[in-house]
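**Q** Okay, here's the structure, questions in a sec.
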Amino acid sequence: MTFSHGHACAMSTATAGRSLKRLVRRRFAGAAQSVRARTFDGRLRYNATLCFTDKTGTKLLVAANITMQFGAKPLFENVSVKFGDGNRYGLIGANGAGKSTFMKILCGLLEPSAGNVSKEPMERLAYLRQEQFAFESMRVLDVVMMGHAEMWACMQEKDAIYANPEASEDDYMHAAELEGRFAEYDGYTAEARAGELLLGVGIAAELHNGPMSEVAPGWKLRVLLCQALFANPDILLLDEPTNNLDINT
């Protein structure tokens with residue numbers, strides 16, 4: 001598993017074989033760091049699975065002595081790396097080397113066996129996940145708006161108060177506070193902004209108010225890409241982002 005970086009476009013790819021290796025060398029100029037990794041098979045198969053974008057040009061995300069162990073042997077161990085300085089990074093390695101696992105650790109979805117990840121408290125992080133079928137019963141616009149976790153939680157809380165026929169005066173006072181917070185998140189334009197993102201990746205307007213189950217497989221990933229971009233994150237982690245995406249997207 002290898003980290004590479006560059007200021008040029010560093011979109012990842014799932015193409016296998018020599019053409020992929022040439023593409024990776026061309027797009028990711030120079031290796032930043034390498035880490036020990038265990039592969040689950042001996043075949044020469046490679047994926048470039050991570051694209052990290054830092055908008056501010058400062059060191060934003062730091063992984064210190066990360067070890068992950070599921071069985072007798074560690075998947076990877078003692079990984080220390082700093083992401084930032086205005087770079088975009090690619091994480092490249094054989095299938096089963098632990099690339100997606102490492103990304104989940106970076107974004108806080110998975111606890112490492114040892115080590116820690118840190119970032120500035122006010123920096124917003126977003127993660128493009130591969131769980132295309134995780135939101136089948138949810139409205140497409142809502143899936144996108146979930147990308148702003150604080151705004152989404154605020155909206156859910158205030159809507160629950162208004163929907164409660166037994167809400168008290170104190171509850172309504174709290175709802176008023178939530179309305180102010182919701183406005184600070186620019187929540188009243190959220191649906192319009194989510195719709196613009198969806199149109200930009202080719203999701204037709206007639207699908208926006210329907211459930212995710214009506215979006216074709218493959219196109220669901222475009223909705224999840226909109227979710228990751230919705231909160232205008234400072235740090236963007238993309239797990240195999242070119243899967244089911246065309247060049248325009």
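Each reported figure results from applying straightforward, stated rules to the coordinates on display, with no laboratory input. Remember, predicted model here, so these are calculated numbers, not experimental data. Here Cβ is always computed from backbone atoms with ideal geometry, including for glycine, and neighbour counts include all displayed protein chains.
**Q** Just to verify a number: FRET efficiency for ALA192 and LYS82, C-beta to C-beta distance, R0 = 45 Å, to 0.05?
**A** On the way: r = 37 Å, r/R0 = 0.83.
The computed FRET efficiency comes out at 0.75.
**Q** Additional query: Using Cα pairs closer than 8 Å and at least 6 residues apart in sequence, work out the relative contact order for region 78-229, in percent.
**A** Details: 120 pairs, mean separation 48.3, N = 152.
About 32 percent, as a whole number.
**Q** Which whole-Hz ³J(HN,Hα) couplings does region 147-154 yield from phi under the Karplus relation 6.51 cos²θ - 1.76 cosθ + 1.60, θ = phi - 60°, glycine and proline marked x?
**A** Karplus values, whole Hz, x for Gly and Pro: x, 9, 4, 5, 5, 5, 5, 4.
**Q** Right, something else. Would you list, by chain and number, the aspartates and glutamates whose Cα falls below 16 Å from the Cα of LYS73, excluding same-chain residues fewer than 8 positions away?
**A** Output for LYS73: ASP41.
**Q** What number, in nm² with one decimal, is the all-direction average of the projected area of the convex hull of the alpha-carbon atoms of region 76-173? Kindly include the intermediate steps, with their values, before the conclusion.
**A** Working: hull surface 41.0 nm².
For region 76-173, the mean projected area of the Cα convex hull comes to 10.2 nm².
**Q** Filter the chymotrypsin sites (Phe, Trp or Tyr not before Pro) in region 165-249 down to the DSSP loop ones having no more than 14 other Cβ atoms within 10 Å, then list what survives.
**A** Numbers: sites: TYR172, PHE182, TYR185, TYR188, TRP219, PHE230; in loops: TYR185, TRP219.
Those that pass, being in a loop and sparsely packed, number zero.
**Q** If the cut-off is 14 Å between C-alpha atoms, which aspartates and glutamates fall inside it for LYS82, apart from same-chain ones fewer than 8 positions away?
**A** Of all the aspartates and glutamates, those that pass the test against LYS82 - Cα under 14 Å, at least 8 places apart if same chain - are ASP54, GLU120.
**Q** Sorted by mean Cβ packing within 10 Å, highest first, what order do the peptides 198-204, 85-91, 117-123 take? Before the final figure, lay out the partial values.
**A** Working: 198-204: 15.7, 85-91: 20.0, 117-123: 12.4.
Result, highest mean first: 85-91, 198-204, 117-123.
**Q** Give me the percent relative contact order of region 190-237, please, defined on Cα pairs under 8 angstrom at least 6 residues apart. Provide the component values of the computation, followed by the final result.
**A** Values: 24 pairs, mean separation 18.1, N = 48.
Computed value for region 190-237: 38 percent relative contact order.
**Q** Test of understanding: what is the full-extension gain from SER213 to GLU166, defined as 0.36 nm times their sequence separation minus their Cα-Cα distance? Before the final figure, lay out the partial values.
**A** Details: separation 47, 0.36 × 47 = 16.92 nm, distance 3.39 nm.
In short, 13.5 nm is gained.
**Q** While we're here: What is the distance, in nm, between label points placed 7 Å from the Cα along the Cα-to-Cβ direction at GLU131 and at ALA183?
**A** Reported label-point gap for GLU131 and ALA183 is 3.5 nm.
**Q** Here is a further query. Shape verdict for region 140-220, please, from the Cα gyration tensor: rounded (a/c under 1.5), prolate (a/b greater than b/c) or oblate.
**A** Numbers: a/c = 3.36, a/b = 2.12, b/c = 1.58.
The shape class here is prolate.
**Q** Still on this model: Could you work out how much longer the chain between ASN65 and HIS174 gets when fully extended? Use 0.36 nm per residue separation minus the Cα distance between them, nm to one decimal.
**A** Details: separation 109, 0.36 × 109 = 39.24 nm, distance 4.30 nm.
Gain on stretching ASN65 to HIS174: 34.9 nm.
**Q** May I pose another question? Residue by residue through region 85-96, which ³J(HN,Hα) values in whole Hz follow from phi under the Karplus form 6.51 cos²θ - 1.76 cosθ + 1.60 (θ = phi - 60°), with glycine and proline marked x?
**A** Result, rounded to whole Hz: 6, x, 8, 10, 10, x, 10, 10, x, 5, 4, x.
**Q** Please list, ordered by chain and number, the residues whose modelled amide H lies under 5 Å from the amide H of LEU128; skip anything fewer than 5 residues away on the same chain.
**A** Result for LEU128 returns LEU237, LEU238, ASP239.
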